[in-house]
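The values are calculated or read from the model by the stated rules, or taken from the named source; none is laboratory data. The model shown is predicted, which means the values in this text are computed figures rather than measured ones. Virtual Cβ from ideal backbone geometry, glycine too; neighbours counted across all protein chains shown. Only protein heavy atoms, including side chains, enter the accessible area calculation; ligands, DNA and RNA are left aside. Shrake-Rupley method; radii C 1.70, N 1.55, O 1.52, S 1.80 Å.
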Amino acid sequence: MSETARLRVYRFESGAVFEGGLLGAIERMQLAGDAELLDALFVRRDAASGALDAVDLAAGGVGGTFASLLDFRLEPRRRRAITERTLAEHRGGVPRSLIEAIAATLEAGVAIFAVLHTGRSAAVLDEAAARCGGRLIADEPVDARALAQVDPQLRAAVASRGPRT
């Protein structure tokens with residue numbers, strides 16, 4: 001029997017600053033060896049244009065980590081290409097319909113970061129999200145190995161916007 005996974009969803013309001021902290025937290029989580037990152041998704045509405053930016057673990061490239069996507073954060077042209085690849089139908093990725101449903105709930109500048117992991121607490125992610133201006137809106141055990149398998153829970157978390165802090 002496999003270990004129960006946890007679905008954690010973070011919300012970032014307009015003005016959140018992403019300076020690589022989430023990428024670093026994912027790397028530290030994996031290097032520590034006490035947690036396994038199963039899947040992840042970042043969805044944002046651009047503050048200036050309202051355009052959708054999205055990246056999931058399947059589009060993350062070699063090694064399946066967001067570390068290879070530093071250019072997603074830094075390079076607008078690469079961000080567009082990565083978003084298009086994320087939205088394309090690809091095996092193992094988060095379905096376009098789910099990404100678009102999440103995006104439909106977001107105002108310009110707002111972002112959602114969803115993580116599915118096993119293992120110990122993701123305190124390193126909580127700390128990184130807080131430093132970026134985000135907050136945890138959902139944390140629940142799930143019987144899944146991919147975000148596509150927790151579509152209803154993820155949609156509900158995003159729609160509810162989670163507990164106010």
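Mind listing which GluC sites (Glu not before Pro) in the stretch 91-153 are in a DSSP loop and have 14 or fewer other Cβ atoms within 10 Å?
Qualifying residues, ordered by number: Glu107.
Cβ under 11 Å from Gln149's Cβ, Gln149 left aside: what net charge do those residues give with Lys, Arg +1 and Asp, Glu -1?
Details: positive: Arg145; negative: Asp39, Asp143, Asp151.
Once positives and negatives cancel, what remains is -2.
Taking a point 7 angstrom from the Cα of Glu140 along the C-beta vector, which residues in the stretch 8-37 have backbone N less than 13 Å away?
8-9
How much length is gained on full extension from Ser14 to Glu100, taking 0.36 nm per residue of separation minus their Cα-Cα distance?
Gain in length upon complete extension: 29.1 nm.
Excluding Thr118 itself, calculate the net charge of residues whose Cβ lies under 13 Å from the Cβ of Thr118, where each Lys or Arg counts +1 and each Asp or Glu counts -1. Numbers along the way, then the final one.
Numbers: positive: Arg6, Arg8, Arg120, Arg145; negative: Glu3, Asp34, Glu36, Asp39, Asp143.
Spelling it out: positives minus negatives among the neighbours equals -1.
Where does each of Thr118, Thr105 land when they are ordered by accessible area, with a 1.4 Å probe and the largest first?
The ranking, largest first, comes out as Thr105, Thr118.
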